[in-house]
């Protein structure tokens with residue numbers, strides 16, 4: 001009888017243990033160029049791709065790169081940080097988006113130290129659909145057919161881009177375009193938007209601030225505030241806006257406002273262009289010269305306070 005009781009207890013223990021998850025989600029996971037997505041994504045047994053690691057990473061956690069590698073496209077549905085860790089952490093895609101964010105209303109996503117390459121056929125480098133916010137830091141995004149960063153939140157969300165290069169995107173550099181139910185706050189600091197269809201385009205229900213950035217050599221506008229019937233504001237200071245094929249700065253339609261302070265706006269086709277009731281407000285301390293078809297003029301000038 002005693003042997004039967006001991007055997008029964010042991011049997012139940014085995015059943016309970018076998019019902020436990022083999023690998024619980026970790027707050028920090030790792031990827032490596034020589035990893036394997038069958039691994040638990042630990043430091044000593046890293047995964048191969050971001051997509052493989054994200055399912056093993058807890059909400060609010062972090063995926064880090066151990067060494068250089070191409071870690072593939074990923075769709076993000078929760079708060080998370082993906083950090084290239086100073087390595088060549090690549091996302092190389094063809095015919096699709098590099099990174100899609102479709103997260104919860106309170107989720108903030110941070111992408112840091114990434115090399116996102118569309119090789120001329122990728123759609124968007126980063127496409128943001130839903131979430132509380134997106135931070136993009138110290139990254140390069142290039143050769144996409146639609147936009148380097150396409151930020152189209154379906155609710156109130158913020159976008160922060162810092163220390164990034166966004167170039168050679170056939171569809172544009174950064175598009176800020178909330179849905180009819182969305183509202184966007186965006187900030188750019190030390191961002192180079194070069195040789196895209198446009199540098200920055202902000203549309204209805206968005207407010208954008210740019211500081212210490214470069215908008216240069218874009219096919220159309222260096223930066224554009226475009227109103228389709230609702231308010232849009234773009235504020236730019238201490239930036240270079242040069243060599244753009246259409247306008248350096250454009251504000252289109254009533255409801256669109258661009259404010260400028262301490263910027264250099266040179267060698268564009270037209271320097272400043274306000275159309276359809278759009279406003280370009282200068283603080284009177286910008287340098288606007290040498291634009292091929294004309295420097296243009298602000299619609300109003302206000303004093304510094």
Sort the following peptides by mean Cβ neighbour count (other Cβ atoms within 10 Å, averaged over residues), highest first: 215-227, 73-85.
215-227, 73-85
Expressed as a rounded percentage, what relative contact order does segment 116-275 have, with Cα pairs under 8 Å and six or more residues apart?
15 percent
Span from the segment 209-275 Cα centroid across to the segment 132-178 one, whole angstrom
17 Å
In nm, to one decimal, how far is the residue 287 label point from the residue 209 one, both placed 7 Å along Cα→Cβ?
2.5 nm
State the label only: which of (i) 29, 53, 15, 3, 0; (ii) 35, 58, 8; (iii) 33, 46, 15, 5, 1, 0 corresponds to P(r) over Cα pairs in 20 Å bins from 0, in percent computed from the shown model?
(iii)
Per-residue Cβ contact counts at 10 Å, fewest first, order 105, 236 as 105, 236
At 7 Å along Cα-to-Cβ for each site, give me the label-to-label distance between residue 105 and residue 189 in nm.
2.9 nm
Decide, for segment 266-305, between rounded, prolate and oblate: order the square roots of the alpha carbon gyration tensor eigenvalues as a ≥ b ≥ c, take rounded if a/c falls under 1.5, and otherwise choose prolate if a/b is larger than b/c, else oblate.
oblate
Using a ≥ b ≥ c from the Cα gyration tensor of segment 82-150 (square roots of the eigenvalues), is it rounded, prolate or oblate, where a/c under 1.5 gives rounded and otherwise the larger of a/b and b/c decides, a/b for prolate?
oblate
So what's the angle, to the nearest 10 degrees on a 0 to 90 scale, between helix 2-18 and the longest Cα principal axis of the chain?
10 degrees
Residue list for segment 57-92, given a label point 7 angstrom along the Cα-to-Cβ vector of residue 179 and an amide N cut-off under 17 Å:
76-78
For the pair residue 295 and residue 75, the simple spin-label estimate (label points 7 Å beyond Cα toward Cβ) gives in nm 5.2 nm
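Bear in mind these aren't lab numbers, they're just calculated from the coordinates by the rules spelled out. From a predicted model like this one, the values you see are computed outputs, not experimental measurements. Positions of Cβ are generated from backbone atoms using ideal geometry, with glycine treated the same way; all protein chains shown enter the neighbour counts.
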